[in-house]
Each structure stands twice: as C-alpha cells, then as structure tokens.
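Structure first, then comments.
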Amino acid sequence: MTMTASEMIYGILDNNLSRIAGIEGAVLLSNDGIKLSAYLLERDQAERIAAAASGIAATMKAISREIDGGRVIRQLVEMDDRYLCVVGCGEGSTLIVVTNRKARLGELGGEAVRTAQALGEWLGTPGRTSAPTP
C-alpha cells in the first residue's frame, strides 16, 4: 500500500513532534500562508495560525536579508501560557510548532529543526512568481 504525500507528512510530524513534552500541535505552511498539513489542531485553527505565522516568518526573513544574516533557522516566541517555534522547512515552506509551557526550550527547538530537515529533504514549495509581461 502506497502512502499519500499528506500521510507521509503527517507521519513525519507525528514521529518527531510526539516526543516533545507539552506538544499541542503544528502546522506546515507555504510561505504565502497556505496550510499544507496540520498536526493535532482543528482545521480552522490551523488555517488561522498558518495565515498569521506566514507574516512572522516573512518579517524575520526580511530582517535577516537587511542585516546579511543568512538563512533564518528558527524563531521562538514565549507567551504566558504557550511557546511557538517557527522553523524554515524546504524551499518556500515553514513549520510552526505550538506547545504549552511544560516543553523544554532546547528539546522544542531541536525537535522542530530536525522535523523541518526531515520534511525539507523532499518537500519544496516554490515561491510565487509574477506572470511575464508581454
């Protein structure tokens, strides 16, 4: 039996992220904010997170370009009750991981990066280009 791309993505997310204490969910999105896959999140919530997080990822990439910082590896947002880890994943994709405060930051960051690398080896979402003018 052959696995679909969606099943394969979910399997990678589950295999890697289930090890994180306090995991609450994850979203894999294209750089233009389209949800590609979700893990442990309701569809509507995952789509809203994807749309909002694409702005965070784009802002960090723009800052990095401005200061010649190179590729943005990960961003960690600490909130009163949650952590949010944003990781570049392949060409044109971003992985967002949400945990409660039980997560250990080193474990969260490391597993999120490893998951993104596992996905990035075969997942690529090319950036949108404008149509050529005649």
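The values are calculated or read from the model by the stated rules, or taken from the named source; none is laboratory data. Worth saying up front: this structure is predicted, and the values here are computed from it rather than measured. Glycine also receives a Cβ, built like all others from the backbone with ideal geometry; neighbour counts cover every protein chain displayed.
Quick notes on this one:
- Val72 surrounded by 11 or more Cβ atoms within 10 Å (Cβ to Cβ), among the hydrophobic types (A, V, I, L, M, F, W, C), touching a Lys or Arg at 6+ places or on another chain (Cβ under 6 Å) and not in a strand (DSSP E or B): yes
- Any chance Ile96 is in contact with a strand residue (DSSP E or B) (Cβ under 8 Å, 6 or more places away or on another chain) and part of a strand (DSSP E or B): yes
- Selection from region 76-98 of residues that are crowded, with 18+ Cβ neighbours inside 10 Å and either over 20 Å from Ser37 (Cα atoms) or β-branched (Val, Ile, Thr) (or both): Val86, Val87, Thr94, Ile96, Val97, Val98
- Evaluation of Ile63 against (1) in a strand (DSSP E or B); (2) farther than 21 Å from Gly120 by Cα (one fails), failing number: (1)
- Every pair of residues 6+ apart whose Cβ atoms lie under 7 Å, when the first sits in region 38-57 and is surrounded by 17 or more Cβ atoms within 10 Å (Cβ to Cβ) while the second is in a helix (DSSP H, G or I) and small (Gly, Ala, Ser): Ala38/Ala46
- Candidate set from region 22-38 (those that are out of contact with any Leu (no Cβ under 7 Å at 6 or more places or on another chain) and either modelled with pLDDT of 95 or more or acidic (Asp, Glu) (or both)); member that is nearest to Lys61 (Cα to Cα): Asp32
- Restricting region 19-37 to residues that are over 19 Å from Gly90 (Cβ atoms) and of a type outside the set (A, V, I, L, M, F, W, C) leaves a set whose member that is surrounded by the fewest Cβ atoms within 10 Å (Cβ to Cβ) is Arg19.
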